[in-house]
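The values are calculated or read from the model by the stated rules, or taken from the named source; none is laboratory data. Remember, it's a predicted structure, so these values are computed and weren't measured experimentally. FYI the Cβ positions are ideal-geometry reconstructions off the backbone, even for glycines, and counts take in every protein chain you see. The area values use the complete protein model at the heavy-atom level, side chains included, leaving out ligands, DNA and RNA. Shrake-Rupley method; radii C 1.70, N 1.55, O 1.52, S 1.80 Å.
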Amino acid sequence: RLRGGLDVAALEAAFSGLAARHEVLRTRFVIGEGGEPVQVVDEPSPVRIHHIDLSTVQDPTAREAQVRETVDAEALRPFDLAADALLRVSLVRVAEEDHVLVLSMHHIVSDGWSIGVLTRELGELYAAALHKQDAQLPDLPVQYADFAIWQRQWLQGEVLDRQLGYWREQLTGLEPLELPTDHPRPAERTGKGASQDFDIPAELTTALRTLATSTGTSLYMVLLATFDVLLSRYARRDDIAVGTPIAGRNRAEIEGLIGFFVNTLVIRSDLSDNPGFEDLLARVKDTTLAAYDHQDLPFERLVEELAPERDLSRTPLFQVMFILQNAGQEAWQFADLNIDSYPNQTTVSQFDLTLSIQETDDGLQALLLYSTDLFDAPTMERLAGHYRNLLASVVADPTTRLTDLDMLSPAEQHQLIVEWNDTAADFPRDKCIHELVE
C-alpha cells in the first residue's frame with residue numbers, strides 16, 4: 001500500500017525498465033514442433049499499469065471491502081503462458097494519496113529470491129525516473145535463457161546418470177504419506193487452502209541453535225528432524241519423505257537475475273529402530289547433505305524419470321513440504337512514499353501440508369498452510385502445538401528416544417490419562433442383569 005504523492009508515470013517507467021532489463025519478464029511459452037515448451041522473448045515495450053479507481057466510493061467500509069475484493073481477484077486471475085505478459089501490474093486508487101499496488105508474476109518466471117531482486121531494482125528505477133536520471137544498476141552478465149541453455153548442455157551423459165542414479169536409489173519403494181484427515185481425500189485435488197500461524201519463542205529458538213551447533217548440524221536440520229518425528233507420530237510410520245525448496249543459485253552470474261531457479265528436493269528420513277533424537281539428527285544431516293550434492297536435477301525431470309504411479313488426489317513423490325526462510329526480506333522503497341504490506345488473504349495449498357518457518361530477531365515465525373479438503377482449523381492448531389512441544393522436548397534432552405519425546409501438552413495428557421479413564425458409574429445393585437437391560 002502506497003501512501004503519498006505517487007508519480008504513476010515514473011512507476012510505469014520503472015516497471016518498463018525492469019522488464020527491459022530482465023528478458024524473462026517479457027517471456028511467453030509456446031509449444032514447439034517437438035511438443036516441448038519453447039521460451040519466446042518479446043522485444044522491450046512499455047509496461048502498462050491496469051488502473052482501478054475506487055476513490056469515488058463514499059462509504060469507507062464499503063470502499064475497503066471493494067479494495068479487498070479487487071486485490072484478491074487480481075491475485076487469483078490466471079495467466080495464459082502463450083499470450084499474456086507474465087509480469088502483471090495493477091494499481092487500485094483508494095484516495096488521492098492512497099493506492100494499493102498489486103504485482104503478480106507467474107512462478108515459471110520468478111521465485112522467492114527474485115522478489116528481493118525486483119524490490120531492490122524497482123526502487124532504484126522509480127527514483128531515477130522520478131528525477132529524470134539513468135538508474136545506476138550493474139549490467140547483467142547473463143539472462144535466464146543463457147542459464148537454461150547451459151543447464152541443458154551440462155545436465156546430460158555421465159552427469160545426468162550420476163544425478164538420476166542417486167535419486168533412483170534414494171526414493172525406491174517410497175509410499176505416499178497418509179496423515180489422518182478430518183475429511184475423506186477427494187478424487188482430485190482442488191488447491192483450496194487455509195493457514196495457521198504460530199510462534200516459536202526466542203528462548204526456545206536460542207536453545208535449538210545451540211543444539212545445532214553442538215551436534216555439528218544446522219537449525220534447518222534440527223527443525224526438519226523434529227518435523228519428521230511429528231509426521232511419524234501422526235502417520236504411524238518410520239519412513240518419512242518431505243519436499244523442501246533449494247535456491248539453486250550456486251553461481252555468481254545468476255544471483256542478480258529474476259527467474260525460476262529454485263528446485264525441489266525430496267528429503268527421505270529413516271526413523272526406524274526408535275533411535276535417540278541425536279542419532280536421528282545425524283541421519284537427517286547425512287541425507288540432507290547428499291541431497292544437496294545432487295540438487296541440480298530439476299524436480300520435474302525427476303518425476304518424469306521415476307514415473308511414479310500418478311494420482312490426481314496427491315502430488316507426486318511427496319505430500320508435505322518443509323521450508324526454512326533465513327534470507328532477509330528486502331524493504332520496499334519508492335522515494336518518499338510510505339509503504340505498508342497489504343495482507344494477501346487468498347490461500348492456495350499446493351500440498352496436503354506445508355510448514356514454513358521464518359527466522360526473525362524475536363525467534364521463529366511459523367506458518368502451516370494446509371488443504372481444507374483434508375483438514376479443519378482445530379486439527380492444525382493442535383498440530384502446531386504438538387510441534388512446539390516436540391521442539392521443547394528435543395532441547396531438554398537430545399538423547400531421548402523418539403517414542404519418549406513429549407508431544408502432548410499437560411492438558412492433553414490429563415485428558416488422555418485421567419479424564420478419559422474416569423469411567424466409574426453408579427448402577428442399581430438390587431437388580432439382575434436382565435432387569436438392567438430392560
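For the pair T399 and T360, a Förster radius of 22 Å applied to the C-beta separation gives a FRET efficiency near 0.15, rounded to the nearest 0.05. Would you mind classifying the stretch 99-191 by shape? Square roots of the alpha carbon gyration tensor eigenvalues, ordered a ≥ b ≥ c; an a/c under 1.5 is rounded, otherwise it is prolate if a/b is larger than b/c and oblate if not. In terms of gyration-tensor shape, oblate.
What is the distance in Å between the Cα centroid of the stretch 10-37 and that of the stretch 203-278? For the stretch 10-37 versus the stretch 203-278, the Cα centre distance is 34 Å. DSSP assigns beta bridges within the chain; of those with both partners inside it, close to 80 percent run antiparallel. Compared with the alpha-carbon gap, the fully stretched path from D422 to T70 is longer by 121.3 nm at 0.36 nm per residue. Checking [x] 96, 66, 46; [y] 115, 51, 45; [z] 131, 57, 39 against Cα extents along the principal axes in Å calculated from these atoms, the matching label is [x]. Taking 0.36 nm per residue of sequence separation and removing the Cα-Cα distance, the V40/D340 pair yields an extension gain of 104.5 nm. Using a cutoff of 8 angstrom between alpha carbon atoms and counting only pairs six or more residues apart, the relative contact order for the stretch 318-436 works out to 17 percent. As a length-normalised measure over Cα pairs under 8 Å and 6 or more apart, the relative contact order of the chain settles at 20 percent.
Rounded to the nearest 10 degrees, the angle from helix 202-214 to the longest Cα principal axis of the chain is 90 degrees.
On the beta carbon distance between A20 and R429, with R0 = 60 Å, the FRET formula returns roughly 0.05. Could you calculate the FRET efficiency of F198 with T172 from 1/(1 + (r/R0)^6), where r is the beta carbon distance between them and R0 is 45 Å, rounded to 0.05? Using R0 = 45 Å, I get an efficiency of 0.80. For trypsin sites (Lys or Arg not before Pro), the sites in the stretch 209-244 that DSSP calls loop and that have at most 16 other Cβ atoms within 10 Å are R236, R237. For the chain, find the longest principal axis of its Cα atoms and tell me its angle to the long axis of helix 157-171, 0 to 90°, nearest 10. Long axis of 157-171 versus the principal axis of the chain: about 30 degrees.
Between E97 and L289, full extension at 0.36 nm per residue minus the direct alpha carbon distance yields a gain of 64.0 nm.
Against the chain, whose longest principal axis comes from its Cα atoms, helix 219-235 is set at around 50 degrees.
Between H50 and T347, the modelled labels are 2.5 nm apart [label points 7 Å from Cα along Cα→Cβ].
By accessible area, using a 1.4 Å probe on protein heavy atoms only, the chain has 49% of its surface on carbon and sulfur. Sorting the segments 26-34, 385-393, 422-430, 89-97 by their residues' average number of neighbouring beta-carbon atoms within 10 angstrom, most packed first, yields 385-393, 89-97, 26-34, 422-430. In this label model, A235 and A377 are separated by 2.8 nm, measuring between points 7 Å along each Cα→Cβ vector.
What is the antiparallel percent of DSSP beta bridges lying wholly in the stretch 1-159, to the nearest 5? Percent antiparallel among DSSP bridges in the stretch 1-159 is about 80.
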